[in-house]
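Heads up: the structure comes next, in structure tokens.
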Amino acid sequence: DEKEKFEPTVFRDTIVQGLNEAGNDLEAIAKFLDSAGSRLDYRRYADTLFDILVAGSMLAPGGTRIDDNDKTKMTNHCVFFAEEDHDAIRNYAQVSKG
């Protein structure tokens, strides 16, 4: 009975890289998340995925980001960096629920 390692930082790096490569195209981001879902365990890393889609990186207890300002560990394609209007936030919400 071999247990799978829990590696949220590896998951984060994979998701962030894909989001950053998709650019500012929300449709490309949605396609990346859809295709990555077949090989990444979204259920196992749900908290990490939520942190990335909302805050742009993993969050520590208390809400601080765990990225040490390393641009390869964070993305601007998240709710926190979206334009502050209803339509922009709704578009990000639609991508997140895919």
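Just a few scattered comments:
- Scanning the range 43-81 for residues that are open to solvent by 90 Å² or more (accessible area, probe 1.4 Å), under 13 Å from PHE11 (Cα atoms) and part of a helix (DSSP H, G or I) yields a total of 3.
- Test: residue in the range 34-42 that is polar (S, T, N, Q) and either in a loop (DSSP other than H, G, I, E, B) or surrounded by fewer than 18 Cβ atoms within 10 Å (Cβ to Cβ) (or both): yes
- Tabulated pairs, the range 30-57, first under 12 Å from GLY18 (Cα atoms), second of a type in the set (A, V, I, L, M) and part of a loop (DSSP other than H, G, I, E, B), C-beta under 8 angstrom, 6+ apart or interchain: ILE52/MET58
- Taken over the range 9-29, the criterion of being farther than 17 Å from LYS71 by Cα and either touching a residue at least 40 places away in the same chain (Cβ under 8 Å) or open to solvent by 60 Å² or more (accessible area, probe 1.4 Å) (or both) is satisfied by ASP25, LEU26, GLU27, ILE29.
- Residue satisfying all of: in the range 82-98; open to solvent by 40 Å² or more (accessible area, probe 1.4 Å), closer than 20 Å to PHE11 by Cβ and of a type outside the set (Ser, Thr, Tyr); modelled with the highest pLDDT among these: LYS97
The values are calculated or read from the model by the stated rules, or taken from the named source; none is laboratory data. Please read these numbers as outputs of a predicted model, since none were measured by experiment. For neighbour counting, all protein chains shown are included, and Cβ atoms are generated from backbone atoms with ideal geometry for every residue, glycine included. Please note that ligands, DNA and RNA were not included when accessible areas were found on the heavy atoms of the full protein model with its side chains. Shrake-Rupley method; radii C 1.70, N 1.55, O 1.52, S 1.80 Å.
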